[in-house]
Every structure is written in C-alpha cells, then in structure tokens.
Amino acid sequence: MLQRLLTFAYVPVVALAALAAGEVRAQTGDMPASDDAVYENQQEVAPIDAATEPEQAANLIEYYNNGDGEAFKSTPDCTDSCSLTPSSNRFWISAEYLLWGSEGMYVPALITTSPTGTPSNIAGVLDDPDAETTIIKGESHFNDDVRSGGRFELGMWLDSAQRDSLALTYFFIGQGSASFHVDVSDYPIISRPFFNVSSGAEDARLVTYPNLVQGTVDITAESAFQAASFEYRREAVRSGRYKIDWLFGYTYAQLDENVTIRDSTLSLSGVTQGTAINLYDEFDSQNAFHGAAFGIAAHEEFSERWTGDVFAKGSLGGMASRTRISGETETSFNNVTTTNAGGLLTQTSNLGTHRDSYVSSAWELGLKVRRRLTSNTSLSLGYSWFLLSDVERAGEQIDLGVNVTQIPPGNLVGAARPAFPGEKSSFWTQGLTCGIEAKF
C-alpha cells in the first residue's frame, strides 16, 4: 500500500518538475537587454492552448507507466499476492541457551558490626545511635546475578495447512548460590542482631568481641527455578506473510529457595570461658504453581530467510507453598556436648513445616528473530520475561523478633516469637535467548 501511495505522489511531482524545467529553458534562450525588449517579447509569445496541456500531462504519465515508474509498478502489494512459505513438515523441535537475570531474594539484617571500643552490651545493636552499628550483610538481595539456563520445545501441526498445533515447552535457570563468611580478621566486632521481645528493645548476639568472645558467621543462599507448559495453538488470522494464533493450555512453575545462617563462638573470659557454641538457622521454601493459560502469538516472514515472532501469555491458577524452618544449638564445655532444637532466629515458636495454598498467576512475554539456514533449520535470537505474582520466598520468612525466655533450658513466657510470617511477594526472571530449530 505504501508503494502505491508513493506512486500516486510521484506523478504530480514529476509533472510539475518537467513543466518548470520547460519554462526555464524557454526563458534562457534570449535574454532581453531592456524593459522595452521584455515588452516586445511578451507581445510575441503565442498564447498557450489549454487543450494541449492535458495531452502533455497524459504523455508524461504514460511515460512514467512504461518507463521510470516500472520499478514501483512491478512490486505488488504483499497483502494481495504474498503468502507464508508452505511446508509439508509435521513436527518441530528447538533448543535454546538462556542468559537470564532474576529478582533476588530479600533477607533482613543478619550480621552487624560497631567501631572498636563500643560497649559490649550495645555492640552491633540496630537503631542505637551510641552503637554506630553498620550492617555487614542483610537488608539486601541474594542471587540477583545473571545465570545460564536452557529451554526446549517439541511441537506438531495437526493439519496440512498448519493452522492448528500442539507444543510442549520446558525451561530452567541454573541454580544460584551465594555464600558469605566473616571472622575476626575482617571485623574486630561481629554481631547477629535481633529484636528482644521480652525487653521490647533491639538486641544482638556477640560473635566476636575483643577479649570476650571469638567466632565466625557463615551465610549461604540458594535458588532454583523451572517451568513447563503444554499448549494448543489455533490460527486466528492469516493475511499475506503474517499470522496470529490464539494460545490455550496449562502452565507449571516451581521456585525453590534456601537460606542458612551458621555461627560458631568460643568464650574467652568469665564463667563461660572455654565454652564453644555452634548453632544454625535454616529457612527452606518450595513453591509449585499450576494454572490454565491463555495468550496470543504473532508470526511474520520478513523475507525468504528472516522471520519474527512475538507472544504474550497469562495463566491463572493455584500456588502450593511449603516452608520448612529448622535450627539447632550445640554447646560444648569440658568435653561435654549438649544439643537443643532451635538456633537464634529459629525457636520452638516457628520450627517445623508450614504449608499454604492460594490463588496466584503467571505471566510471560517473548520476542524472537529467526534466520533460516536451510528449508528445515534456523537459528534464533530473542528476549523473554516470566513473572510469578505471589510466592513464599525463603528470606522473607525470617522473623528477627525473638522471645529469649524460650531459649533452652527456659520455657516460653509471653509472645511466641520468632513466628512464621507467611509473607508473599513476586518473582520475575528475564533475559536473552539464542538457539536452533529443526522441522521434520
């Protein structure tokens, strides 16, 4: 259509240019020397016969149609005569490499420090101006780096015109793993902050403090994601070299995360001198989504070798979440070791497995450009984005409130903290894709 518009615009432009050129040539033959000569020339010019002007324009248009305009004229409007390249293949298979980044897992403040000389009773305590506490690790996101993954698809057309098809897709992102270690060689004062529910104030467990205690803290965080879908694709529109399909199907997605905090301390003075304490807190979450999917996809052939695809899809369904909280404290003194359930942020008030089911959704967008290598194989480069609207993330199930009355050998008095928050938030992942596709 654009070419035809250019054609129609081209004719009057050429006509006006030719008429203007004729007037210039007529006026440059003999230049009059005076105003009287100009008057005489005007008297000698024969009047223009209006009947001849349309004939000149008609000749110009005819010249254009048979000559200079042939290049425009010979290219038809694609929507009238072009069509998608026919194929007799029934199946296709593809494999893609993914280079994706994901929304990291948030964790609260887990390790703090204060300047040397800070009193031991406030060292590492949050929100205390006299402690000048600095957060070493926490109030940040783990596993928000770029990772590799893979996506695989197998599909088949259900009819010879390739208007209906079925497709099975699976993709994963490689496991993310982050670790952090801190000891006295890094900071002279190291603490693990918490809110003391019994006293109603911020508090901290000393891990390293000069001449009082010495120890280490280790944090590990892991994350893994995978998803699969089964789709029925029905052609909605086909015109020229493009088509639009409706997508109907099923979507599955799984997000697994883990956060573990371990600390080891050795008392250096006082009645507890020589006492070694090793404890850990672990938060492990698993989320599984099942939903019905609906979407739309478009495909266009740009040329004989280049094609493009774009799609958008949404799924509504249920999310099943399971969060397991565990912890342990091991105390050794005079070669005698005792073990109790619960660490610092894991106590009898939140230990155990917590399950929940709720409505959630999944959303997916993608675009891809393909370059044909042969009639049956092609390379692709694209971008994809995937979102889960509501999940339980491991780091967000950490409650910094601790009722110290329940720490063994004590019994709980007052509020049951730490508790299981059951917090919900979103998870997204996105990135580049490149792969190969074969039809057979």
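Read the figures in this text as sums done on the coordinates, not as results from a lab. Please read these numbers as outputs of a predicted model, since none were measured by experiment. Methodologically, a virtual Cβ is constructed for each residue, glycine included, from the backbone with ideal geometry; neighbour enumeration extends over all protein chains shown.
Extending 7 Å from the Cα toward the beta-carbon at both residue 305 and residue 211 defines two label points whose distance is 7.8 nm. For the pair residue 419 and residue 374 in one chain, pulling the backbone fully straight at 0.36 nm per residue adds 10.1 nm over the alpha carbon distance. In this simple spin-label model, placing a label point 7 Å from the Cα along the Cα-to-Cβ direction at both residue 135 and residue 296 gives a separation of 4.3 nm. Among the GluC sites (Glu not before Pro) within region 277-322, those in coil by DSSP and having at most 13 neighbouring Cβ atoms inside 10 Å are 304. Modelled spin-label separation between residue 183 and residue 164, with each label point placed 7 Å from Cα along the Cα-to-Cβ direction: 6.8 nm. Put in line by how crowded their Cβ is, counting other Cβ atoms within 10 Å and starting with the fewest, 322, 393 read 322, 393.
Computed from the C-beta positions of residue 438 and residue 383, the FRET efficiency with R₀ = 25 Å rounds to 0.70.
Listed highest first by mean packing, meaning other Cβ atoms within 10 Å per residue, what order do 123-136, 366-379 come in? Don't skip to the answer; put the middle values down first.
Numbers: 123-136: 18.1, 366-379: 15.1.
With the highest mean Cβ count within 10 Å placed first, the list reads 123-136, 366-379.
Listed highest first by mean packing, meaning other Cβ atoms within 10 Å per residue, what order do 336-343, 286-293, 306-313 come in? Numbers along the way, then the final one.
Values: 336-343: 14.6, 286-293: 19.0, 306-313: 17.2.
Descending packing order for the listed peptides: 286-293, 306-313, 336-343.
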